[in-house]
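Asker: Sending over a structure as structure tokens; questions will come in a sec.
The values are calculated or read from the model by the stated rules, or taken from the named source; none is laboratory data. Not measured: the values here are computed from a predicted model. Using ideal geometry, Cβ is built from the backbone for each residue, glycine included, and neighbour counts are taken over all protein chains shown.
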Amino acid sequence: MDRADVSLNPQPGVGASPAAAAQTSEHALPVGAIHQIDLPLRWGDSDALNHLNNTLYFRLMEEARMRILYDSGLTLPAEQGPILAHASCDFLRPLTYPATVRVTHTLARLGRSSMEFELTLEKVGDDAGPYARGRNVLVWMDYTANRSAPWPAEVLAQLGGQLRLQQSR
């Protein structure tokens, strides 16, 4: 498991009880909430057949995930933060340059210390369906103890500012 490349800093000394985290999640970060971002493909991301290299699907997912975290306005304490515990991708159709890719994160599950996102990658302007589907699991970690910890209520509220209940495009 790798430490996410962002730091999230709730107020010092503040940690949510499981009941408080559940209450916050119902209001600030509901299951089904989404985040969408459009990202342009670069010519150098393609292989000899002009297909997007398979590793770049994960980079697009990463860029979108990090934008959620950074755009939430969160900062990082050294002793706690998120890690990416799981990432997967099903490649449905080849993406080709030039294109703009819409990456949609949908919150599928919010647990005590983890949250799971379902992802879709679609080409903007192409209504034929997704080019890829993925799954990411983020876990809130106590880095000092090297184990998971409950998501702080403040962090869930800040993330809720980036994820909204709405219909996917």
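Asker: Hey, among the residues in the stretch 73-94 that are in contact with a helix residue (DSSP H, G or I) (Cβ under 8 Å, 6 or more places away or on another chain) and part of a loop (DSSP other than H, G, I, E, B), which one's modelled with the highest pLDDT?
Answerer: Residues of the stretch 73-94 in contact with a helix residue (DSSP H, G or I) (Cβ under 8 Å, 6 or more places away or on another chain): 73-74, 82, 84, 87, 89, 91.
Checking which are part of a loop (DSSP other than H, G, I, E, B) leaves us with 73-74.
Numbers: G73: 84, L74: 78.
Among residues in the stretch 73-94 that are in contact with a helix residue (DSSP H, G or I) (Cβ under 8 Å, 6 or more places away or on another chain) and part of a loop (DSSP other than H, G, I, E, B), the one modelled with the highest pLDDT is G73.
Asker: Can R102 be described as crowded, with 17+ Cβ neighbours inside 10 Å and of a type in the set (K, R)?
Answerer: Values: crowded, with 17+ Cβ neighbours inside 10 Å: yes; of a type in the set (K, R): yes.
Yes: the conditions hold for R102.
Asker: Something else about it: Among the candidates Y70, Y97, which residue alone is at pLDDT below 95, surrounded by fewer than 16 Cβ atoms within 10 Å (Cβ to Cβ) and more than 13 Å from the chain's Cα centre (by Cα)? Give the steps one after another, and end with the answer.
Answerer: On the way: Y70 fails: more than 13 Å from the chain's Cα centre (by Cα).
Just a single option satisfies the conditions, and that option is Y97.
Asker: Also, I was wondering about something else. Checking the conditions here, which among G129, G125, G111 is buried (at least 17 other Cβ atoms within 10 Å of the Cβ) and more than 18 Å from M66 (Cβ to Cβ)? Don't jump to the end; show me each part of the working.
Answerer: On the way: G129 fails: buried (at least 17 other Cβ atoms within 10 Å of the Cβ); G125 fails: buried (at least 17 other Cβ atoms within 10 Å of the Cβ).
Exactly one of G129, G125, G111 is buried (at least 17 other Cβ atoms within 10 Å of the Cβ) and more than 18 Å from M66 (Cβ to Cβ), namely G111.
Asker: Shifting gears a bit: Please give the number of the condition S25 fails out of (1) at pLDDT 50 or above; (2) assigned to a helix (DSSP H, G or I); (3) closer than 23 Å to H105 by Cα.
Answerer: Unmet condition: (1).
Asker: Output the qualifying pairs, or none if there are none: Cβ atoms under 6 angstrom, residues six or more apart or on different chains, first residue in the stretch 122-136 and at positive phi and among the charged types (D, E, K, R), second residue in a strand (DSSP E or B) and exposed (fewer than 13 other Cβ atoms within 10 Å of the Cβ).
Answerer: none
Asker: Can you go through F91, F117 and tell me which one is surrounded by fewer than 17 Cβ atoms within 10 Å (Cβ to Cβ) and in contact (Cβ under 8 Å) with a residue 40 or more places away in the chain? Talk me through it step by step, then tell me what you get.
Answerer: Numbers: F117 fails: surrounded by fewer than 17 Cβ atoms within 10 Å (Cβ to Cβ).
Just one listed residue meets the conditions, F91.
Asker: Let me ask something additional. Can you name every residue in the stretch 63-72 that is under 20 Å from S113 (Cα atoms) and assigned to a helix (DSSP H, G or I)? Spell out the reasoning first.
Answerer: Residues of the stretch 63-72 that are under 20 Å from S113 (Cα atoms), as a first pass: 65-66, 68-70, 72.
Matches in the stretch 63-72: R65, M66, I68, L69, Y70.
Asker: Mind counting the residues in the stretch 42-59 that are of a type in the set (A, V, I, L, M) and touching a helix residue (DSSP H, G or I) at 6+ places or on another chain (Cβ under 9 Å)? Before the answer, list the steps.
Answerer: Filtering the stretch 42-59 for residues of a type in the set (A, V, I, L, M) gives 48-49, 52, 56.
After this cut, where a residue has to be touching a helix residue (DSSP H, G or I) at 6+ places or on another chain (Cβ under 9 Å) as well, the list is 52, 56.
The number of residues fulfilling the criteria is 2.
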